[in-house]
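The values are calculated or read from the model by the stated rules, or taken from the named source; none is laboratory data. Quick caveat, the model's predicted, so the values are computed rather than measured. Don't worry about glycine lacking a Cβ; one is built from the backbone with ideal geometry, like all the others, and counts go over all protein chains shown.
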């Protein structure tokens, strides 16, 4: 989640040559790593193949350690109606998520100036009080937490760590085989970041939007609120977001366009969930 803040197989960067190249580079890198290491897994709902060197238990260990460090230094607001609502939303979403065996935990952080929420690997969640005026309702909060839970279930954090390790190895090999590579190592590193990892980060965000949209719908929350939420986020940013090309997050307009395309699927899941109640 980010205040300025498709399916992974359908890249949205085909309007210009660098973006098209970046999508192909990501696919080629991931395919090469999967083919050579056998560390391929399938992301639920989108069906995308991902390269991940970490086990689910390692996700849980990494998330628990980092979570404990963050939480101990924050002022918590784990009481009252807001906390009860957060717990309720997490419980409903966790019931429909493709849970690989996470140990879900959530805290509310008393920080009205921070409009944010996150879910670490392994299901450790934090919600900052500053996001609540933007979410406005329980359904609005489900938009945010569905997205964050989707990041964890799709294992985006350790996937990124795995691919970064693979990229570092490939760049290291290139620098030994191609004598000019060492000379231009900083330039190459910047290019890889701008043309590979930033677009890849945007794809992760859009994938989390996709998965989170279906999770909230399956949990009985109206998915149409997702579009209204992102409209509020756009207004809340005051036009201060960086250009999408130079950001790890897609623009609000890009998010909304994808959500609109996915809405028929989400509404079908929402109607099915209501029939079970």
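Of the conditions (1) at pLDDT 85 or above; (2) touching a strand residue (DSSP E or B) at 6+ places or on another chain (Cβ under 7 Å), residue 163 clears all except one; give me its number. The failed condition is (1).
Here 126, 97, 115 are screened, and the one residue that is under 18 Å from the mean Cα position of the chain (by Cα), farther than 17 Å from residue 150 by Cβ and surrounded by 17 or more Cβ atoms within 10 Å (Cβ to Cβ) is 115.
Let's see how each residue does on (1) outside any loop (DSSP other than H, G, I, E, B); (2) at pLDDT 95 or above; (3) more than 19 Å from the chain's Cα centre (by Cα):
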{"position": "222", "(1), (2), (3)": "no, yes, yes"}
{"position": "235", "(1), (2), (3)": "yes, no, yes"}
{"position": "239", "(1), (2), (3)": "no, no, yes"}
{"position": "262", "(1), (2), (3)": "yes, yes, no"}
